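Below you'll find the structure, written out as structure tokens, and then a few comments.
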Amino acid sequence: MHILHIVGARPNFMKAAPVMRALQQRGTKQTLVHTGQHYDANMSEVFFSQLQMPAPDVNLEVGSGSHARQTAEIMTRLESVVLERKPDVVAVYGDVNSTLAGALVCAKLLVPAAHIEAGLRSFDRTMPEEINRVVTDRLSDWLFTPSEDAGTNLQQEGVAEDKIFLVGNVMIDSLLRLLPLAAKTDSPVPAERYALVTLHRPANVDSGNALGSILEELLQLSAQLTVVFPVHPRTRQRISDLGMDLGRLHLLDPLPYMEFLALEQRAAVVITDSGGVQEETTYLRVPCLTLRANTERPVTVTQGTNVVVGNDREKLRLELGKILDGNFKAGQPPPLWDGHAAERIAEVLCK
Ligand code: UD1
Ligand code: UDP
């Protein structure tokens, strides 16, 4: 059996690494294709060494572009690779444009596709990721879900039961494997008590008004607590366009995985719009405030530490106040977020 994996953006790497390792242990032939959607060293290369992933066999080097251009470019360049490499199965991860492009190419070439992290739904089609999720799931042959709600969503969309496999969360596989090393990693900030911030959703960062209002809030918070903010490249440019004085915030470049985990694990609170960070904080039992109107990861709210505050600044302040007073839900990791999700995927694929 030959499995070809498609990765392209930062959150893909920590999901693919454990699946590749589990398949390698079973002696499966594997090919790794990087689409080049993310290309800065600190958004891509650094993860390969930290996650001990093999270097990509092929890099499509598509780079940035509009949704249509980027997706189409990945499809065009990927088609010939799939035809040439002749995989039995293609694995796609998460909900980025590289995921969607991979699923579309495979569907047209009649190559079976496995979607890892299937079934998540925000029910908000203004998010590009929601379109990617819905279409990728529709086209995939194996739907590996991280939590029960994801399976329920797929059933409600009429997906056949025998395509759905509840395996747990592969991102937590990577977290669990590297947590002992992260715990020994020096914190990139001197403060003992701090808030950790990540922001990259278009709704929060593409409009100057939205981003300016969040930054104002962070400046206010910095009077009380150190604010550490590793800035996504999408957000970096917007911040400089605003010309605000952000000297009181610790703005950093995007961090390598280990350094980010080290910060996340010890944070007093995490303020984010990332999907993966909502899950990691739930696992780590670190309070998380999500600056989005909704989440496709509801178990992080019902079972974990996540509170969705949207763009309600009053609610953000209220929830922050509670957390800083030590009054927050500890929650617990959802079932099967146990470090073995990738092994369960490998078992199904190798059958
Ligand atoms: C993408 C995903 C998003 C995911 C995020 C993870 C889609 C539609 N979006 O968003 O779901 O949460 O990755 O981080 O697939 N850029 C650089 N260097 C890079 C990469 C990007 O400078 O290495 C800049 C470019 O200006 C680019 C912008 O960031 O135009 C956005 O990159 P893109 O990959 O289109 O979307 P993300 O916002 O990163
Ligand atoms: N992450 C990282 N360095 C950073 C910010 C995030 O290593 O500076 C990791 C984080 O631990 C998680 C993943 O990146 O594993 C989340 O990716 P991202 O927020 O880019 O995308 P999303 O999950 O929102 O799609």
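A few comments on the model shown:
- Tally of residues being over 17 Å from V231 (Cα atoms), within 13 Å of ligand 2 (Cβ to nearest atom) and among the polar types (S, T, N, Q) across segment 27-55: 3
- Test: residue in segment 309-322 that is touching a Lys or Arg at 6+ places or on another chain (Cβ under 6 Å) and assigned to a loop (DSSP other than H, G, I, E, B): yes
- All conditions but one from (1) touching a residue at least 60 places away in the same chain (Cβ under 8 Å); (2) assigned to a helix (DSSP H, G or I); (3) farther than 13 Å from G8 by Cα; (4) within 22 Å of the chain's Cα centre (by Cα) apply to S98; the one that does not is (3).
- The numbered conditions (1) in contact (Cβ under 8 Å) with a residue 24 or more places away in the chain; (2) in contact with a helix residue (DSSP H, G or I) (Cβ under 6 Å, 6 or more places away or on another chain); (3) within 16 Å of ligand 2 (Cβ to nearest atom) are all true for L242 except (3).
- Members of segment 280-289 found to be open to solvent by less than 20 Å² (accessible area, probe 1.4 Å) and in contact with a helix residue (DSSP H, G or I) (Cβ under 6 Å, 6 or more places away or on another chain), listed by number: E280, T282, P287, C288, L289
- If you filter segment 167-192 down to residues that are charged (D, E, K, R) and modelled with pLDDT of 95 or more, you find that the one that is most open to solvent (accessible area, probe 1.4 Å) is R177.
- Hits in segment 121-157 - residues which are touching a residue at least 40 places away in the same chain (Cβ under 8 Å), among the hydrophobic types (A, V, I, L, M, F, W, C) and buried (at least 24 other Cβ atoms within 10 Å of the Cβ): F144
- Residue list for segment 253-294, filter: within 15 Å of ligand 1 (Cβ to nearest atom), over 30 Å from R125 (Cβ atoms) and not in a loop (DSSP other than H, G, I, E, B): Y257
- Restricting the first member to segment 335-351 and to residues that are assigned to a loop (DSSP other than H, G, I, E, B), and the second to residues that are hydrophobic (A, V, I, L, M, F, W, C) and open to solvent by less than 50 Å² (accessible area, probe 1.4 Å), the beta-carbon pairs closer than 7 Å and six or more apart or on different chains are L336/V167; W337/I172; G339/I172.
- Residue pairs whose Cβ atoms lie under 7 Å apart, separated by 6 or more positions or on different chains, with the first residue in segment 181-208 and free of Cβ contacts under 8 Å to residues at least 40 places away in the same chain and the second part of a loop (DSSP other than H, G, I, E, B), are V205/L199.
- Considered as a group, the residues in segment 1-15 that are outside any strand (DSSP E or B) and hydrophobic (A, V, I, L, M, F, W, C) include one that is farthest from ligand 1 (Cβ to nearest atom), and that residue is M1.
- Flag for V62 being more than 15 Å from M20 (Cβ to Cβ), aliphatic (A, V, I, L, M) and either modelled with pLDDT under 95 or not in a helix (DSSP H, G or I) (or both): yes
- Residue count for segment 245-270, restricted to those that are crowded, with 18+ Cβ neighbours inside 10 Å and either closer than 19 Å to T300 by Cα or within 13 Å of ligand 2 (Cβ to nearest atom) (or both): 18
- Segment 306-336, residues that are at positive phi and surrounded by 19 or more Cβ atoms within 10 Å (Cβ to Cβ): G331
- Residues that are under 19 Å from V277 (Cβ atoms), open to solvent by 10 Å² or more (accessible area, probe 1.4 Å) and not in a loop (DSSP other than H, G, I, E, B) within segment 16-54 comprise P18, N42, V46, Q50, listed in sequence order.
- Strands (runs of 3 or more DSSP E) (entirely within segment 127-244) containing at least 2 residues that are over 21 Å from T300 (Cα atoms) and away from ligand 1 (no atom under 16 Å from the Cβ): 226-230
The values are calculated or read from the model by the stated rules, or taken from the named source; none is laboratory data. Nothing here was measured: the structure is a model prediction, and the numbers come from that model. Glycine gets a Cβ as well: all are built from the backbone with ideal geometry, and neighbour counts include every protein chain shown. Note: areas computed on protein heavy atoms with side chains; ligands, DNA, RNA excluded. Shrake-Rupley method; radii C 1.70, N 1.55, O 1.52, S 1.80 Å.
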